[in-house]
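The values are calculated or read from the model by the stated rules, or taken from the named source; none is laboratory data. For clarity, every value in this text was computed on a predicted model and none was experimentally measured. Positions of Cβ are backbone-derived with ideal geometry, glycine not excepted, and every protein chain shown enters the neighbour counts.
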Ligand code: FES
């Protein structure tokens, strides 16, 4: 939050902090100021005109503004970037109903998201290191073998007593030493509690090399390259997991793996994506492929099985036993990853079939296992995972939220890509929506973050009932009927990317309700099992791609997260990738990840009667028992006053 600027909107004098370079429209969304953004911020409708009174801003020229308007200082809010503190006046056209904005909760104007959670720190001490060696040339008086010479100098120059030799390290050893004129680099794996092992010798002095860390997600694969000498991140990259074409979620992929050749197809598919990510990382970092000396991956249990080529079929059948929870070191090249033959690959250990190495990694990165405060770690996704505990105990659970948070299973849902609506507000007086899309491109649909905000806003504006049914269509011209069912028109056809209106149906609402009910019920049930309640939580750490884009108030208002003090919430980002990186850079972190996976008690929610009860009660906005959401109960009196 270091490089933020304050944007203040007149005439209501509402202000908010945004990152330098953010658009005026995104600042308005954050501040709860309503601007008519009919095209979702794609710069085509010309309805979001505002006037910059103070501050440095930049705007591209646009045909949506006349020369006269530009001369009068008008800009498009969706195209205008803010580079310093700024004062913005709403034009009459952009402004929808300023008087109603006084009911915007202060928390929203102050900033809707959770604070950032700093990852745990570890000493840079990688489990695989590359060691430069200046070797004395053999003489008649010193004519020990090449291998012994290397081992002797590793001990003498680096203090590491290597007693295990990978047979592969002998291939080309003599040539490498002589070609490098007796300067060489030894690659040694020395994990805590294990005998150091020589993996390879490279000719010449090459420096410490790099570590590859990967988060193998069901939908997306994220990679990161870090310099092993300094711990500096050299590059990050991501791509959609191409396994998606073989099955949208984990279950369908396991089913596919059971077909003849299916496991191999899935394995090759994920490796293809990894190789693409790796190539981009190498290019962006400006390193050679042989500078990567180790690979560390974190993924859910099924993804790890599929990457390693392990049969995952028992994961989806009671009693849900994986082939393995902890994985021996493998060779990246053996799996098809385009790295030198000796590069080891470590997959972080899983807790259970449904709480994988990605959660182990997240707990590691968050430092939950080292903190005495009672903490809830939540990873939102198709499969929502929860860990509750502190430095003395930890319990986990997994609940099948369905794909709604990733834009799946919802008619208007899309992945979080350019054109996806990710911010949404409804003017309390006119019930007119304000939509903002990712990249401010023409609207293509609504992503998970947008869906959460949409339900919250519709509920708050009185257009959506607690049971997920829309109010009477007379409440808003955006509520329309088709085939006897009411739907809400999010974007009119003329303003969408493909000329078709984007609508939210009651069955879409139902799917989001199911997803949020599963997450909330999972949290409450795990806490009940350890005889605690949400009020006992001292910290809530949100992980996952949605995390820092989620509007915390919206999440609580729809009953996704418990209604506790907002300052207890923080966001860690991609905990899985952060944890994989920690394990790649620190022997202590790698060892700790093993301890975390082994010490978490997993609670099965399938067939758990309390979970089913809690789930059923949570299928309402925000819950059947409103006393569990006291701030929503009082907030609703304000924002729902016009009903
Ligand atoms: Fe800015 Fe349409 S031109 S929202």
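Within the bounds of the range 455-477, is there any residue that is touching a residue at least 40 places away in the same chain (Cβ under 8 Å), over 24 Å from residue 41 (Cα atoms) and assigned to a strand (DSSP E or B)? Checking the range 455-477: at least one residue is touching a residue at least 40 places away in the same chain (Cβ under 8 Å), over 24 Å from residue 41 (Cα atoms) and assigned to a strand (DSSP E or B). A Cβ distance below 7 Å, combined with a sequence gap of six or more or placement on separate chains, defines the contacts here; from the range 29-43, residues that are closer than 14 Å to residue 88 by Cα and touching a residue at least 40 places away in the same chain (Cβ under 8 Å) reach residues that are within 7 Å of the ligand (Cβ to nearest atom) and not in a helix (DSSP H, G or I) in the pairs 35/48; 35/77. In the set 295, 288, only one residue is surrounded by 24 or more Cβ atoms within 10 Å (Cβ to Cβ) and modelled with pLDDT of 95 or more; that residue is 295. Scanning the range 61-79 for residues that are in a loop (DSSP other than H, G, I, E, B) and either touching a strand residue (DSSP E or B) at 6+ places or on another chain (Cβ under 7 Å) or within 13 Å of the ligand (Cβ to nearest atom) (or both) returns 62, 63, 64, 65, 73, 77, 78, 79.
If I filter the range 498-519 for residues that are farther than 25 Å from residue 406 by Cβ and either within 16 Å of the ligand (Cβ to nearest atom) or in a loop (DSSP other than H, G, I, E, B) (or both), do I get at least one hit? Yes, the conditions are met somewhere in the range 498-519.
Note on the range 437-452: residues that are assigned to a strand (DSSP E or B) and within 15 Å of the ligand (Cβ to nearest atom) amount to 2. If you check 82, 50, 29, 33 for being within 14 Å of the ligand (Cβ to nearest atom), within 23 Å of residue 13 (Cα to Cα), modelled with pLDDT of 80 or more and buried (at least 19 other Cβ atoms within 10 Å of the Cβ), only one passes: 50.
Could you grab me the full set of residues in the range 11-26 that are more than 30 Å from residue 494 (Cα to Cα) and either near the ligand (Cβ under 7 Å from one of its atoms) or over 25 Å from the mean Cα position of the chain (by Cα) (or both)? Within the range 11-26, 11, 12, 13, 14, 15 meet the criteria.
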